[in-house]
Amino acid sequence: MGVCDYCDFYSIAADIDDKRLDSFVERLLEDVGNTIQYEGVADVPSVYIGGGTPSFLGAKRIERILSGIRRILPNAPAELTIEANPESIDRDFLDVCRISGVTRLSIGIQSRNPLARKAIGRQGSLIRIERTINEIHSFFNGSLSCDLISGLPGQDETSLLDDIAFVIGSGANHVSLYSLGVEEATPLHTSIREGVVLLPDQDFADGLWILGRDALEEAGFLQYEVSNFAMPGSESRHNQGYWRMENYLGCGPGAVGTIVDEAQSTARRIAVPKNVDAWLNGDPGGIATPEHITRNELIAECLIMGFRTVAGVDDALLTKRFGADTRVFIPHSLLVWRKRGLAEMDRPALTRSGLMFLNRFLIDCLTELESTLTQDRNSIAGTFG
């Protein structure tokens, strides 16, 4: 299995005949069952099988995972998504997905531009991508989401618009349009540092993303998060729950889950170590250790996640959890950004233009939040000191 040069997800080298893959499937189902039982989960609204390329496991192993999940979960999830790459999708895989309750496929296309694909080490041919789309139409009846990246080396306006036209024509009702991020310790970072790969100018890259956004919206897709677009009613339920900081569980090496204690206004974060062999063997190096998320940290995370979305932060949920909302936590930041026309007047959310400056806004918010929470703590100390 090849890894794209920009990817910093945890992965190990393997091939389809690697004996660890069968053990991986059994251990994963054991992990899911133990986690569901330990947390006392009574309802699972969505399942997302991803974090890499699950389709690489092959149809038989995917069928084993899906049948095992159906047996373990307390209910049939309303949304069940599985990630896949075009080169690892075949009819057997699609038949298993259709029969086993998968409601949504998320496939990584990223770009069809040969220069861009070569620059980021993207495998698979354009012919294979088109064949995969045709097979999805023929053998899968669920929703289709496609991932694209803008700002790639060698990419221009024409090629990005061609990619968007292709995914729209493919029947996708959900598109994730990401700006290229270059992470340290990736082959792409090394290639750029050594001058082997040249990135486009940042202003040009930003303009590309805006061009892509506009093209998607003209085709009827609605932006509902900084990088995600959907036809009305086709938003990812799983993603929305994540951005609202609802409870989610993560199973498998490198997976992360968060459980909110509504009564205490705190949370537990459970991160499974990135060590496949230790995880498979049940060694200490593969066992998750819960991290305590304080009330103040959880408030900050709710703001960070909520402001990523077009709907913005849910003040009612914030008040239920913490006894206060954005008008208490970050009043000055909202006032300033509203005066600039970059935050909505009727709700705690950034405007279409404001989302382009999300990181700058979050710096303002978190700086003010720290000051607000410090003042609250000092007021309590003064009252009872």
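The values are calculated or read from the model by the stated rules, or taken from the named source; none is laboratory data. Keep in mind that this is a model prediction, so the values were computed, not measured. Cβ coordinates were reconstructed from backbone atoms using ideal geometry, including for glycine residues, and neighbour counts include every protein chain displayed. These area figures cover heavy atoms from the full protein model, side chains too; ligands, DNA and RNA do not enter into them. Shrake-Rupley method; radii C 1.70, N 1.55, O 1.52, S 1.80 Å.
For this structure, a couple of remarks:
- Residues that are open to solvent by 20 Å² or more (accessible area, probe 1.4 Å), aromatic (Phe, Trp, Tyr), modelled with pLDDT of 95 or more and not in a helix (DSSP H, G or I) occur at least once in the range 244-266.
- Condition check for residue 78: hydrophobic (A, V, I, L, M, F, W, C) and touching a residue at least 60 places away in the same chain (Cβ under 8 Å): yes
- Every residue from the range 90-107 that is of a type in the set (A, V, I, L, M) and surrounded by fewer than 17 Cβ atoms within 10 Å (Cβ to Cβ): 99
- Hey, residue 182 within 26 Å of residue 360 (Cβ to Cβ), surrounded by fewer than 20 Cβ atoms within 10 Å (Cβ to Cβ), in contact (Cβ under 8 Å) with a residue 40 or more places away in the chain and touching a Phe, Trp or Tyr at 6+ places or on another chain (Cβ under 9 Å) or not: yes
- Contacts under 6 angstrom Cβ, first residue in the range 27-54 being of a type in the set (Gly, Ala, Ser), partner assigned to a helix (DSSP H, G or I), 6 or more apart: 33/72; 46/237; 46/238
- Residue in the range 61-71 that is at pLDDT 90 or above, assigned to a helix (DSSP H, G or I), over 19 Å from residue 276 (Cβ atoms) and under 22 Å from the mean Cα position of the chain (by Cα) present: yes
Residues are listed down the side, and each one gets a yes or a no for (1) in contact with a strand residue (DSSP E or B) (Cβ under 9 Å, 6 or more places away or on another chain); (2) surrounded by 19 or more Cβ atoms within 10 Å (Cβ to Cβ); (3) closer than 30 Å to residue 151 by Cβ:
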{"residue": "14", "(1), (2), (3)": "no, no, no"}
{"residue": "17", "(1), (2), (3)": "no, no, no"}
{"residue": "37", "(1), (2), (3)": "no, no, no"}
{"residue": "60", "(1), (2), (3)": "no, no, no"}
{"residue": "66", "(1), (2), (3)": "yes, yes, no"}
{"residue": "80", "(1), (2), (3)": "yes, yes, no"}
{"residue": "88", "(1), (2), (3)": "no, yes, yes"}
{"residue": "109", "(1), (2), (3)": "yes, yes, yes"}
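- Selection over the range 278-315 of residues that are in contact with a Lys or Arg (Cβ under 8 Å, 6 or more places away or on another chain), closer than 21 Å to residue 52 by Cα and loosely packed, with under 13 Cβ neighbours inside 10 Å gives a count of 0.
Residue-by-condition table, conditions (1) under 27 Å from residue 106 (Cβ atoms); (2) hydrophobic (A, V, I, L, M, F, W, C); (3) exposed (fewer than 12 other Cβ atoms within 10 Å of the Cβ):
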| position | (1), (2), (3) |
| --- | --- |
| 167 | yes, yes, no |
| 175 | yes, yes, no |
| 186 | yes, no, no |
| 192 | no, yes, no |
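- Restricting 343, 349 to residues that are within 23 Å of residue 227 (Cα to Cα), open to solvent by less than 70 Å² (accessible area, probe 1.4 Å) and in contact (Cβ under 8 Å) with a residue 40 or more places away in the chain narrows the list to 349.
- With respect to the conditions (1) closer than 16 Å to residue 247 by Cα; (2) open to solvent by 60 Å² or more (accessible area, probe 1.4 Å); (3) of a type outside the set (Lys, Arg), residue 335 falls short on a single one, namely (1).
- Residues (over 24 Å from the mean Cα position of the chain (by Cα) and not acidic (Asp, Glu)) located in the range 177-198: 190, 191, 192, 193, 195, 196, 197, 198
- Within the range 363-385, the set of residues being of a type in the set (Gly, Ala, Ser) and modelled with pLDDT of 65 or more comprises just one member, 371.
- Scope the range 332-370; condition part of a helix (DSSP H, G or I), among the aliphatic types (A, V, I, L, M), closer than 22 Å to residue 211 by Cα and touching a Leu at 6+ places or on another chain (Cβ under 8 Å); matching residues: 358
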